[in-house]
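Everything on this sheet refers to the single structure shown next.
The values are calculated or read from the model by the stated rules, or taken from the named source; none is laboratory data. Fair warning: this is a prediction, and the values are worked out from it, not measured in the lab. Counting neighbours? That spans all protein chains shown, and the Cβs are built from the backbone with ideal geometry, glycine included. Quick note on the areas: whole protein, heavy atoms, side chains included, nothing else; ligands and nucleic acids left out. Shrake-Rupley method; radii C 1.70, N 1.55, O 1.52, S 1.80 Å.
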Amino acid sequence: MEKRTVQTQPIEGQKPGTSGLRKKTKVFMGPHYLENFVQSIWNGIGGAAGKTFVLGGDGRYFNEQAAQVILRMAAASGARKIIVGQNALLSTPAASHLIRKRKTDGGIIMSASHNPGGIDEDFGVKFNIANGGPAPEDVTNRMFEATETLTSYEILEAQDVDLSAIGSHELGGMEIEVVDPVQDYAELMETLFEFDKIRALFAGGFTMKFDAMHAVTGPYAKEILERHLQAAPGTVLNGNPEPDFGGGHPDPNPIWAKPLVDLVMGPDAPDFAAASDGDGDRNMILGRGVYVTPSDSLAVLAANAHLAPGYAAGLAGVARSMPTSRAVDLVAQAKGIECFETPTGWKFFGNLLDAGRVTLCGEESAGTGSDHVREKDGLWAVLLWLNILAETGLSAKDLLMQHWETYGRNYYSRHDYEAVDALNAEAMMNALRSKLSSLPGQTFDAGVVQSADEFAYDDPIDLSRSEGQGIRIVFDGGSRIVFRLSGTGTVGATLRVYLEAYENHSDKLQVSVETALSDIISSAQQIAGIREATGRTKPDVTT
Ligand code: VG1
Ligand code: CO
């Protein structure tokens, strides 16, 4: 086994986005591409020598090959130990938990999350720090700087390690511990929720479908839902992780998980249904005859989390990403707890969670989580819902309706314009930026603009500032439009337009979302000229 120093050159564009570095799989498979980035991770964190890391991924194409490269590079750089999920599998929340439980120095997660997988689709790598959460911006900036000056990387010449065998292995003096990817996570869930009550719910005939979308949550959902909680066999659909996720988009929303939505709206609807994404950190919640928007789900969970044992003491506070609807703010207000507004991306919740300022947080993109890990967590959200349903005896639909009766309803939708020309998208954002100061007072279909600004976040814990986090336009009466460009796409630019309108008249709580938002939607066009900038007459994806 020989250690080699390989000469290389900086590769352009290795800047981590909202959640790690994501590129086409073939780009990652190109000469030195993965190696350069991994060496830059080590360089960005002050070296790997003597450190212990967790390693795993969502099982997409190139997952195990990449794991072998990362192991050889960790060994060559003097890492002490790597804890790796069997067959290089770990869901993102399970990786976060392992990093924390085993008090490691961090971990590498191989995933492009909700992006499709396969040789012609996407791959990704992200680094999580010792608190289990995504590396904050100062760390990712250091990694990026390292990619720009890299001249060589260290790698071991060695055979592949057998990652199918649980137990201890050795590679060039480094220990590799292959662990069951599910067990520790399942144990953690049992400490948070009342499994007996949920078991009794299923025993009483409650029916559920969980769509793992051929991605990593399959083994977790089967173990927890079908074995521990004894939900009927077949509750978990598409439960075997596949390298191309069965050819689909592993993104749990009404577009990409349409069959599940059709099921709950049809005559054979189960009582409850849910889905998760490629790496298991997102969730979609459905009940018989109802789709719960992620923003509403966060609010419902915040209002009822105390019904689960893990949250019986109440919530310290809540946080949501800026584009997420303000439904949870109303719950926080009623409970008299703090509510924080952060930029998009889970890395911004880490400090608040570490400091004990918030217990629950969430994003409109189907991410919900708590202080049990430092990532969003798909199955956790599903289990919290189940615990609440078991405790209240309500259906998902009734729980949501009661919530709206109490707090009012934040009608919400996101319009995505995908893979548009990047220069045009930037130009549109710049044009918007330049007219922000003149918008207040102007009238559009949605009414008079009350405020217009570009969101910047001052972290209350480490006092760092993050600028350019989305343009928001608020109307008299509280309706709101947010514009931002995605930081996870791999082709051109993706424009996200977030639309929200608040309603609390009891006879207007059941209007269709399109109707409730129509004035906001036309105002977004009037203000930003979306059609002209994107060349599209309608969004590619509406969630
Ligand atoms: C998107 C979502 C964001 C989420 C991120 C990672 O980012 O909007 O809320 O945190 O994906 O999710 P962007 O920059 O494309 O809007 V995951 O599950 O893909 O890691
Ligand atoms: Co994800």
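Observations, loosely collected:
- Taken over region 77-105, the residue count meeting the criterion of being assigned to a strand (DSSP E or B) and under 12 Å from Pro181 (Cα atoms) is 7.
- Sub-6 Å Cβ pairs linking a first residue in region 105-127 that is outside the structural domain of Gly248 (by TED's automatic domain parsing) and more than 17 Å from Asn36 (Cα to Cα) to a second residue that is among the basic types (Lys, Arg) and in a loop (DSSP other than H, G, I, E, B), at least 6 apart or interchain, are Asp105/Lys51; Gly117/Arg60, ordered by first then second residue.
- Scanning region 59-96 for residues that are surrounded by fewer than 24 Cβ atoms within 10 Å (Cβ to Cβ) and within 16 Å of ligand 1 (Cβ to nearest atom) returns a single hit, Asn63.
- Of all residues in region 230-285, those satisfying the criterion of being aliphatic (A, V, I, L, M) and away from ligand 1 (no atom under 16 Å from the Cβ) are Ala231, Ala232, Val236, Leu237, Leu260, Val261, Leu263, Val264, Met265, Ala269, Ala273.
- Region 111-130, subset out of contact with any Leu (no Cβ under 8 Å at 6 or more places or on another chain) and closer than 16 Å to Phe53 by Cβ, residue farthest from ligand 1 (Cβ to nearest atom): Ala130
- Among residues of region 261-284, those that are away from ligand 2 (no atom under 16 Å from the Cβ), hydrophobic (A, V, I, L, M, F, W, C) and in contact (Cβ under 8 Å) with a residue 60 or more places away in the chain, counted: 2
- Looking across region 460-481, the residues that are farther than 17 Å from Thr443 by Cα and surrounded by 19 or more Cβ atoms within 10 Å (Cβ to Cβ) come down to Gln469, Gly470, Ile471.
- Ala316 vs. criteria more than 24 Å from Glu500 (Cβ to Cβ), open to solvent by 10 Å² or more (accessible area, probe 1.4 Å) and either touching a Lys or Arg at 6+ places or on another chain (Cβ under 7 Å) or in the same structural domain as Ile129 (by TED's automatic domain parsing) (or both): yes
- Selection count where residues are buried (at least 21 other Cβ atoms within 10 Å of the Cβ), of a type in the set (Gly, Ala, Ser), within 27 Å of Ala501 (Cα to Cα) and in the same structural domain as Leu298 (by TED's automatic domain parsing), scope region 386-436: 1
- Hits in region 363-379 (condition: open to solvent by 10 Å² or more (accessible area, probe 1.4 Å) and either more than 12 Å from ligand 2 (Cβ to nearest atom) or basic (Lys, Arg) (or both)): Glu364, Asp371, His372, Arg374, Lys376
- Considering Phe210, Phe193, the condition of being of a type in the set (Phe, Trp, Tyr), crowded, with 17+ Cβ neighbours inside 10 Å and under 27 Å from Arg102 (Cα atoms) is satisfied by Phe193 alone.
- Residue among Val6, Val54 that is away from ligand 1 (no atom under 16 Å from the Cβ) and buried (at least 24 other Cβ atoms within 10 Å of the Cβ): Val54
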